[in-house]
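Shown next, in structure tokens, is the structure this report addresses.
What follows draws every value from the coordinates through simple rules; no lab data is involved. In this text, all values refer to a predicted model and were calculated from it rather than measured experimentally. Virtual Cβ from ideal backbone geometry, glycine too; neighbours counted across all protein chains shown.
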2 protein chains.
Amino acid sequence: MAGASDTSVIGEADLRKFATGLLHAGGLTADHAEQTAAMLVWANTRGADSHGVLRIPRYVEMIELGLINPAASPTQVFAKGAVAVVDAQNAPGAVGMNIAARSAGELARAHGLGWCAVRSITHAGAIGYYAQQVAQAGLIGIAMTASKPLMIYHGSRADGVSTNPIAIAAPTSDPQLPFLLDMSTAAVAIGKVMAAKDAGRSLSPGWAVDEHGMETSDPRKVKSVLPMAGPKGSGLSLMIEVLASVLVGNPLISVALSQDGDPGGNGLVAALDPAAFGSDFTADVDRLRSAIKGLPPAEGVDEVYLPGERGFEESRKRFRDGIPIAQGTLKRLLALASKLNVPAPAGVG
Amino acid sequence: MAGASDTSVIGEADLRKFATGLLHAGGLTADHAEQTAAMLVWANTRGADSHGVLRIPRYVEMIELGLINPAASPTQVFAKGAVAVVDAQNAPGAVGMNIAARSAGELARAHGLGWCAVRSITHAGAIGYYAQQVAQAGLIGIAMTASKPLMIYHGSRADGVSTNPIAIAAPTSDPQLPFLLDMSTAAVAIGKVMAAKDAGRSLSPGWAVDEHGMETSDPRKVKSVLPMAGPKGSGLSLMIEVLASVLVGNPLISVALSQDGDPGGNGLVAALDPAAFGSDFTADVDRLRSAIKGLPPAEGVDEVYLPGERGFEESRKRFRDGIPIAQGTLKRLLALASKLNVPAPAGVG
């Protein structure tokens with residue numbers, strides 16, 4: 001954690017209440033504001049501050065610009081068997097994706113597995129949040145989201161795919177500690193490039209390119225990030241576009257590459273019910289956890305972690321000790337609060 | 001293609017017949033031999049020779065050792081809704097995975113999506129083969145396989161996960177040219193490390209470690225390969241173990257890490273029916289293909305490729321001109337043919 005001068009510490013409940021207040025005053029319904037705030041603060045509790053409450057000013061701006069539709073009423077537009085398709089009507093991303101997580105789980109209980117695609121969502125945030133919801137219901141959850149070109153397509157010098165993320169969560173015997181893989185298809189988060197720029201550090205090989213599409217280690221020259229593992233990252237991202245966007249008739253990449261403007265986003269959640277597979281899932285997944293935790297650490301490494309485990313550790317700490325919010329972030333949130341007449345959390349501002 | 005002295009060229013049909021003959025004489029039933037040969041030669045046609053007929057001597061050895069069960073009769077052991085679980089009884093990998101591809105497709109036609117898990121398979125080969133079968137039926141196919149620890153787990157100095165691959169195929173309007181992503185979760189194929197060793201070349205950063213678990217660029221010192229993109233590759237591999245192995249009650253990693261011996265393998269194929277999503281899938285996927293093909297190539301790159309496209313190009317060429325087989329591979333196959341009394345292809349041996 002940074003020193004007291006760099007951050008202000010806010011309790012989880014207070015931060016969530018503040019975030020809800022800002023989003024509600026910014027134009028979302030009370031329910032949509034609460035759902036969005038819960039997702040953002042979840043990311044903050046796990047130490048993923050880049051996906052946390054610092055997004056709120058932009059979300060409010062997106063409402064003002066009409067990019068997020070506060071009057072959206074997400075509606076199921078197609079369904080067959082284990083599949084449901086929902087049109088989110090540009091509702092806040094968390095609202096659409098929460099519906100997908102719930103619907104996929106219900107379909108999985110009925111059919112062994114379920115798949116809910118949600119088209120026309122807006123920014124979904126940290127998608128591990130939706131996969132984890134499915135795992136908390138005792139199911140395996142898979143979440144993906146798709147958006148406009150933001151990353152080099154392997155072999156091209158131009159952005160051709162998004163950094164489309166995928167998250168996979170599996171329940172264990174400890175409801176507080178599922179396996180939770182949450183990864184983007186990019187070689188590096190753009191936030192890390194920005195941090196290197198601020199710190200005057202060079203970039204690692206394979207991270208980013210300059211305006212000519214040539215790899216660069218100079219963060220000041222970065223035009224775009226490279227895909228994770230070259231053709232694997234851009235290929236996986238492209239297939240997520242197929243699964244999340246093309247399959248529901250709301251293509252993003254082909255539209256964005258042929259015309260101006262932001263085509264929005266799409267998402268999906270799939271769920272699998274271990275009971276449909278006839279195994280003793282929980283016992284075996286616990287054994288897998290023990291086997292991985294028992295691996296000998298690499299030199300300089302204290303502990304071998306399971307996917308998502310660091311985030312759960314951080315979350316326990318931040319629920320107990322409060323969430324450190326960077327002064328720059330807090331300043332922007334307080335300015336917005338002042339503008340929207342939202343009370344600041346106790347002891348802050 | 002290498003010079004005439006390095007390779008012998010064999011037509012696709014001749015090579016498939018030869019491979020079938022060897023596998024049948026080696027102990028497989030005529031049907032299982034044919035299915036296995038078709039999968040191996042498919043890899044050869046695409047230029048993936050490391051997954052082609054060079055595997056046959058080892059497959060025959062596995063039959064002799066009882067690792068592949070030529071009398072296996074794969075049986076559905078559990079089913080619910082859109083899910084089927086098959087016990088392959090250590091049948092040849094292609095036999096189990098072909099069942100999964102067919103079953104997943106049938107389930108998808110009925111339920112919108114389907115998932116067939118196959119436990120106790122043996123070496124599945126190039127898993128793009130199974131995903132492509134699903135795409136050829138007009139559906140989206142996803143295939144994964146799991147095996148024993150073969151790769152460093154991120155943060156450890158020991159092998160803790162396999163190089164578990166995932167393949168995703170989507171149909172387009174051209175049945176000969178689906179999207180076909182087929183990737184392992186390793187940073188590099190072990191075959192590339194071997195090739196660098198033979199050529200006296202250094203390894204790229206992030207590829208492999210020595211016996212102390214320290215990264216090395218010396219191919220002679222390689223003890224194990226690293227995961228693709230660090231925690232992403234080992235995390236994705238671990239989740240494939242959860243989906244393919246833990247979910248069907250045949251865990252591989254926890255068993256292999258706690259006792260000796262090879263626990264075998266598991267696989268799965270999932271299928272999605274575009275008709276269940278209400279979109280004009282083929283038109284939109286074709287548009288996506290055009291958009292990607294229209295991206296400006298990077299410096300030194302002639303053409304931007306879609307996932308799997310290079311393999312389809314090579315396949316057209318090799319179907320027309322024949323498949324070049326390395327002399328070392330051919331020599332081993334001919335020795336086996338001689339031992340098993342199998343006639344060599346015309347003009348060879």
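Results, tabulated for the structure shown:
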quantity: Computed label-point distance, nm, for sites B:Ala275 and A:Lys331 using a 7 Å Cα→Cβ extension; calculated: 6.0 nm
quantity: Anchor B:Lys317: aspartates and glutamates whose Cα lies under 18 Å away (excluding residues fewer than 8 positions away in-chain); calculated: B:Glu12, B:Asp14, B:Asp49, B:Asp174, B:Glu303, B:Glu309
quantity: Net dipole in debye of chain A [+1 Lys, Arg Cβ; -1 Asp, Glu Cβ; about Cα centre; nearest 20]; calculated: 360 debye
quantity: Selection of GluC sites (Glu not before Pro), segment A:295-334, meeting DSSP coil and at most 12 other Cβ within 10 Å; calculated: A:Glu299, A:Glu303
quantity: Two-site label geometry, A:Ser290 and A:Val77: point separation in nm, points 7 Å out along Cα→Cβ; calculated: 5.0 nm
quantity: Gain in span if fully extended, B:Leu340 to B:Asp198, counting 0.36 nm per residue against the direct Cα distance; calculated: 48.0 nm
quantity: Selection from B:Ala346, B:Ile325, B:Tyr305, by position along the positive dipole direction of segment B:266-349 (Cβ); calculated: B:Ala346
quantity: Exam field: B:Gly300 pseudo-label spacings to other copies (7 Å along Cα-Cβ), nanometres; calculated: 2.8
quantity: Ascending list, in nanometres, of distances separating the A:Leu67 label from those of the other copies (7 Å, Cα toward Cβ); calculated: 5.4
quantity: For B:Pro343, inter-copy label distances in nm, listed shortest first [label point 7 Å out on the Cα-Cβ vector]; calculated: 9.3
quantity: Relative contact order of segment B:85-140, pairs being alpha-carbon contacts under 8 Å that are 6 or more residues apart, as %; calculated: 43 percent
quantity: Rounded to whole Hz, the Karplus (6.51, -1.76, 1.60) HN-Hα couplings of segment A:250-256, x for glycine and proline; calculated: 10, x, 10, 5, 5, 5, 5
quantity: Segment A:4-43, relative contact order [Cα under 8 Å, separation at least 6], %; calculated: 40 percent
quantity: Highest-fluctuation residue, A:His212, A:His154, A:His111 considered, GNM on chain A with Cα pairs under 10 Å; calculated: A:His212
quantity: For A:Val161, distant residues with modelled amide H under 5 Å away; calculated: A:Leu150, A:Met151, A:Tyr153
quantity: Relative contact order, percent, chain B [alpha-carbon distance under 8 Å, six or more residues apart]; calculated: 22 percent
quantity: Theoretical FRET efficiency, 1/(1+(r/R0)^6), r = Cβ-Cβ of B:Ala13 and A:Lys317, R0 51 Å, to 0.05; calculated: 0.20
quantity: Highest-fluctuation residue, B:Ala256, B:Ala244, B:Ala38 considered, GNM on chain B with Cα pairs under 10 Å; calculated: B:Ala256
quantity: Qualifying GluC sites (Glu not before Pro) for segment A:155-251 [loop in DSSP, other Cβ within 10 Å: at most 16]; calculated: A:Glu211
quantity: Net charge dipole size for segment B:100-206 [Lys, Arg +1 and Asp, Glu -1 on Cβ; Debye, nearest 20]; calculated: 280 debye
quantity: Rounded to whole Hz, the Karplus (6.51, -1.76, 1.60) HN-Hα couplings of segment B:153-163, x for glycine and proline; calculated: 7, 3, x, 10, 9, 10, 5, x, 9, 8, 8
quantity: Phi-based couplings in Hz for segment B:315-328 (Karplus 6.51, -1.76, 1.60; Gly and Pro marked x); calculated: 4, 4, 5, 6, 5, 6, 9, x, 9, x, 10, 4, 4, x
